[in-house]
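Reading through the structure tokens given below for one structure.
The values are calculated or read from the model by the stated rules, or taken from the named source; none is laboratory data. Note that the structure is a prediction, hence the values are computed from the model and not measured. Because the Cβ atoms are built from the backbone with ideal geometry, glycine has one as well, and the counts that use them run over all protein chains shown.
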Amino acid sequence: MLNCAVPQSCVGSGAIRIRVRTFQVLPEPKTIMQVARPGSQKVPPAQTPRPGSSIVADDIHLTFGGLSVLRGVSFSAPGGEISAFIGPNGAGKTSLFNTISGFYQPSTGRIRLDGEDITRLPAHARAGKGVARTFQNIALFRGLSVLDNIKLGGHHLMRADTISALLSAPWARREELALREELERRVIDFLEIDHIRHRPIESLSYGLQKRVELARALAMRPRVLLLDEPVAGMNREETEDMARFILDLHDEWAITILLIEHDMGLVMDLSSHVVVLSFGEVIARGSPAEVRSNPEVIRAYLGD
């Protein structure tokens with residue numbers, strides 16, 4: 001079983017036009033655990049994590065040497081909602097996401113997932129509990145196909161050990177095929193990338209690579225999805241497509257989404273709750289309308 005780590009990087013205006021598409025409810029595929037080792041009983045099916053989990057940060061402090069990056073950051077992201085985090089460059093937004101996902105350990109404070117304290121859990125353990133993310137800079141593996149990159153997101157769900165996988169044991173092959181079937185039906189089709197699933201990553205446009213990175217995060221069966229600037233560098237059409245997929249995830253999958261974004265049109269259109277950071281501190285929180293009219297936010301970030 002592969003064990004891989006992934007590395008980690010003006011304000012727009014106007015509302016985003018969201019193009020509506022129809023949905024086809026797909027039958028539930030076989031879970032990747034419904035395979036059996038030779039001479040053993042069938043491995044019990046995996047329990048799909050319950051979506052829409054709440055995540056709460058209490059008084060998070062993060063320092064590097066003498067530099068204070070986060071200072072007393074607290075927020076509550078309701079289950080199944082889209083919460084946006086905005087602020088000027090260097091405000092600590094990505095550092096906060098790194099702390100939530102386990103790449104950084106806070107100096108003090110707590111992070112709770114559905115009431116469970118996950119502050120000291122390593123990144124892979126948080127992934128196992130359903131915390132997934134995308135990155136500010138695209139963090140895909142060149143030389144691998146789209147499908148192989150996406151499958152890496154689901155490797156922690158598989159029970160085949162390294163030896164069985166390397167020797168291509170029959171039960172390990174069946175498990176991998178079941179994972180592939182699940183991803184093709186639930187993720188690849190959902191994100192409309194079936195036509196590129198066998199292409200190498202380096203041959204894709206920037207917008208498609210960002211979509212593949214989202215697919216890899218969804219392969220983890222997340223309860224909480226952290227999106228770090230998902231439309232940065234995209235043109236208008238690509239931005240509209242990504243906005244549509246984020247709305248679809250909220251409406252159809254009921255995943256809790258935490259979003260870092262500088263495009264204020266997208267933030268105001270998609271999010272139900274906004275947290276504003278400046279120099280590592282929360283200066284405002286509330287609905288998009290409340291934040292947009294907050295004098296301190298206007299002064300620190302949005303401008304007059």
Only one of 240, 229 is of a type in the set (D, E, K, R) and on the phi > 0 side of the Ramachandran plot. Can you tell me which? 229
Looking only at region 69-84, decide whether some residue is of a type in the set (Lys, Arg), assigned to a strand (DSSP E or B) and over 28 Å from residue 266 (Cβ atoms). no
If you scan region 131-155, which residues turn out to be surrounded by fewer than 16 Cβ atoms within 10 Å (Cβ to Cβ) and closer than 24 Å to residue 52 by Cβ? none
Restricting the search to region 128-178, which residues are among the small types (Gly, Ala, Ser) and either at pLDDT below 90 or in a helix (DSSP H, G or I) (or both)? 128, 139, 143, 153, 154, 160, 164, 165, 168, 169, 172, 178
Of all residues in region 295-304 being more than 15 Å from residue 89 (Cβ to Cβ) and either in contact with a helix residue (DSSP H, G or I) (Cβ under 9 Å, 6 or more places away or on another chain) or among the hydroxyl-bearing types (Ser, Thr, Tyr) (or both), which is surrounded by the most Cβ atoms within 10 Å (Cβ to Cβ)? 297
Going through region 107-124 one residue at a time, which ones are under 24 Å from residue 66 (Cα atoms) and over 19 Å from the mean Cα position of the chain (by Cα)? 107, 108, 109, 110, 120
Of (1) in contact with a Pro (Cβ under 8 Å, 6 or more places away or on another chain); (2) part of a strand (DSSP E or B), residue 110 fails just (1)
Just checking, does region 261-276 include any residue being within 22 Å of residue 71 (Cβ to Cβ), in the same structural domain as residue 239 (by TED's automatic domain parsing), touching a strand residue (DSSP E or B) at 6+ places or on another chain (Cβ under 8 Å) and charged (D, E, K, R)? no
